[in-house]
Amino acid sequence: MINSSRHTENNSVAENIARINENIMNACYKSGRSFSDVSLMAVTKTVDEKYINQAYDCGIRLFGENRVQEFLDKRGNYKYSSENIHFIGHLQTNKVKYIIDKVNMIESVDSVKLAAEISKQVSKSGIDMFDILIEVNIGEEESKSGINPAEIRQLADFIAGTGNLRLRGLMAIPPVGRSDYFFAKMKQLFVDIKDKNVDNSIMDVLSMGMSGDYVSAIENGATLVRIGSAIFGKRK
Ligand SMILES: *Cc1c(COP(=O)(O)O)cnc(C)c1O
């Protein structure tokens with residue numbers, strides 16, 4: 001069930017997006033970066049399609065999906081299609097086939113097993129090359145998905161060997177309250193992998209920063225921030 005009452009009446013989606021864009025601009029200015037280097041993604045979990053489409057009308061061109069079933073239920077009502085959508089949630093291998101031709105990137109690849117299944121479904125769907133990010137469990141927390149930093153290289157090499165997956169970068173959700181420290185660590189890991197020039201990789205996306213910490217993420221090099229509640233209001 002999609003709960004539509006969570007939208008806060010006095011803060012419209014348009015106002016929220018305008019404010020966030022201003023904050024992004026200031027963070028870019030402060031860190032000597034260009035505003036066009038940072039993509040603002042709207043994270044749609046639990047949000048009614050009406051408000052999601054409002055975000056599209058306000059210029060948002062990237063949307064993040066967490067849950068396969070919810071995505072499949074809602075996508076028919078979206079004003080945009082697969083090219084504007086990334087999958088960002090934990091993904092079970094048996095569900096890859098339902099989303100592979102409906103998203104433009106999977107940001108939450110955290111195992112060889114999942115990468116292998118994505119590669120298999122990509123070739124079944126007749127797609128030449130599919131973009132992915134490796135999700136890193138940067139705080140090495142038991143409760144979180146993502147692979148540990150020490151295993152990134154091995155997964156990156158496996159991805160390179162598939163021939164139809166293109167590694168575009170890294171994604172992370174840092175431990176609550178300590179994001180500054182972990183964003184800086186992510187930037188370092190990102191640069192390390194980029195410097196290794198893994199085959200078939202481009203490494204131009206560092207996806208980190210959410211409603212509570214996106215300014216700090218940008219100051220630490222994020223190229224994509226994933227924002228839900230600051231755009232759509234608090235989730236129940
Ligand atoms: C929910 C979610 C977000 C957005 O979180 P907010 O705090 O609401 O901005 C970002 N990334 C992922 C992976 C999420 O699941």
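Structural remarks
- Residues of the range 75-101 that are small (G, A, S) and within 16 Å of the ligand (Cβ to nearest atom): G89 alone.
- The range 96-112: number of residues that are of a type outside the set (S, T, Y) and under 14 Å from A160 (Cα atoms): 2
- Applying the set (1) touching a Phe, Trp or Tyr at 6+ places or on another chain (Cβ under 8 Å); (2) over 16 Å from M210 (Cα atoms); (3) within 12 Å of the ligand (Cβ to nearest atom); (4) among the hydrophobic types (A, V, I, L, M, F, W, C) to F71 leaves exactly one unmet item: (3).
- Test: residue in the range 50-61 that is under 20 Å from K236 (Cβ atoms), part of a helix (DSSP H, G or I) and among the hydroxyl-bearing types (S, T, Y): yes
- Residue tally, condition away from the ligand (no atom under 16 Å from the Cβ) and either at pLDDT below 95 or of a type in the set (D, E) (or both), over the range 102-146: 5
- Search result, residues across the range 198-236 that are within 12 Å of the ligand (Cβ to nearest atom) and at positive phi: G209, G233
- Among (1) more than 18 Å from the chain's Cα centre (by Cα); (2) within 16 Å of the ligand (Cβ to nearest atom) - the single one V38 does not satisfy: (1)
The values are calculated or read from the model by the stated rules, or taken from the named source; none is laboratory data. Computed from a predicted model, the values in this text were never measured in an experiment. In this analysis, Cβ positions are derived from the backbone assuming ideal geometry, glycine residues included, and neighbour counts consider all displayed protein chains.
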